[in-house]
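Beneath this line is the structure, given in structure tokens, with notes to follow.
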Amino acid sequence: RHLYHPARVEVQLVDVEVAGGLRVGYVEGVGDHVAEALQELGVDYELLEEDDLAFGDLSRYDTIVLGVRAYLAREDLRAYNARLLEWVQEGGVLIVQYNKFEFNHRGREKSPYAPYPVKVGRGRVTDENAPVEVLAPDHPVFQAPNQIGPDDWDGWVQERGLYYLDGEERDERYRDLLSMEDPFEYNAGEKPGSLVEAEVGEGRWIYLGLGLWRQLPAGTPGAYRLLANLISLPKTR
């Protein structure tokens, strides 16, 4: 039988600002639509291909964002990751969206792709309404160009995030910016690793276990505002 539904378009108005003059590179991952969100924000971005990662002038970019599970999908990223870390050392901001255990690379104790010893763990928060504690409220990622407040954690869908950075046996140079905990017994305990920063030379390496890749297509306002702040970090020093 034919099923009929009313034709409907949902429009979401989001109060969001992005730092001016940003140059962003994006490495596509597995089925994510975050690059489309950058376009919606009016950001000047370029998709980075193998030649860009191998030989390109990375100094052209203020921020580079790695797509969802990019270390699984992109052999070129795995091969030329050291160039990205050198670029961070010189002042770039690298945002690494969530990866599964491919980030740890064939069962190694620590990841070969991170700047300091660390690995992806099994931490996740499955309740999309789980309380979020901001551990570094003065950090620019929560301050500029958008002031991130309690309302920005409302209206999330499906979950907060997954495959957080492991909180144990990690190098002390990693800094958790958020903490959260599921409100039920089967996933009890505070979960670090959802948003983690490491200062590397003059730059920043950011791991993003928060599920922005799921929130952005759903039109979650706080996800757009947080993404805008993340990519704007080089301009907010």
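The values are calculated or read from the model by the stated rules, or taken from the named source; none is laboratory data. In this text the structure is predicted, and so the values were computed from the model without any measurement. Here Cβ is always computed from backbone atoms with ideal geometry, including for glycine, and neighbour counts include all displayed protein chains. Ligands, DNA and RNA are excluded from the accessible area calculation, which covers all protein heavy atoms including side chains. Shrake-Rupley method; radii C 1.70, N 1.55, O 1.52, S 1.80 Å.
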Answer from ASP15, ASP52 - the residue that is out of contact with any Cys (no Cβ under 9 Å at 6 or more places or on another chain), charged (D, E, K, R) and part of a loop (DSSP other than H, G, I, E, B): ASP15
Number of the exception - ASP154 against (1) surrounded by 17 or more Cβ atoms within 10 Å (Cβ to Cβ); (2) in contact (Cβ under 8 Å) with a residue 40 or more places away in the chain: (1)
Some residue of region 114-135 being surrounded by fewer than 16 Cβ atoms within 10 Å (Cβ to Cβ), within 15 Å of LEU72 (Cβ to Cβ) and in contact (Cβ under 8 Å) with a residue 40 or more places away in the chain: no
Exclusive hit being of a type in the set (Gly, Ala, Ser), part of a loop (DSSP other than H, G, I, E, B) and under 15 Å from the mean Cα position of the chain (by Cα), set GLY29, GLY25, GLY21: GLY29
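Looking only at residues in region 186-237 that are of a type in the set (Asp, Glu), at pLDDT 95 or above and open to solvent by 10 Å² or more (accessible area, probe 1.4 Å), which one is farthest from GLY20 (Cα to Cα)?
Here the answer is GLU199.
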Enumeration of residues in region 54-86 that are open to solvent by less than 10 Å² (accessible area, probe 1.4 Å), of a type outside the set (A, V, I, L, M, F, W, C) and either under 16 Å from TYR163 (Cβ atoms) or more than 19 Å from the chain's Cα centre (by Cα) (or both): GLY67, TYR71
Residue in region 171-190 that is without any contact (Cβ under 8 Å) to a residue 24 or more places away in the chain, within 24 Å of VAL88 (Cβ to Cβ) and either in contact with a strand residue (DSSP E or B) (Cβ under 6 Å, 6 or more places away or on another chain) or in a loop (DSSP other than H, G, I, E, B) (or both) present: yes
Meets criteria (open to solvent by 20 Å² or more (accessible area, probe 1.4 Å), among the polar types (S, T, N, Q) and within 23 Å of LEU210 (Cα to Cα)) for GLN89: no
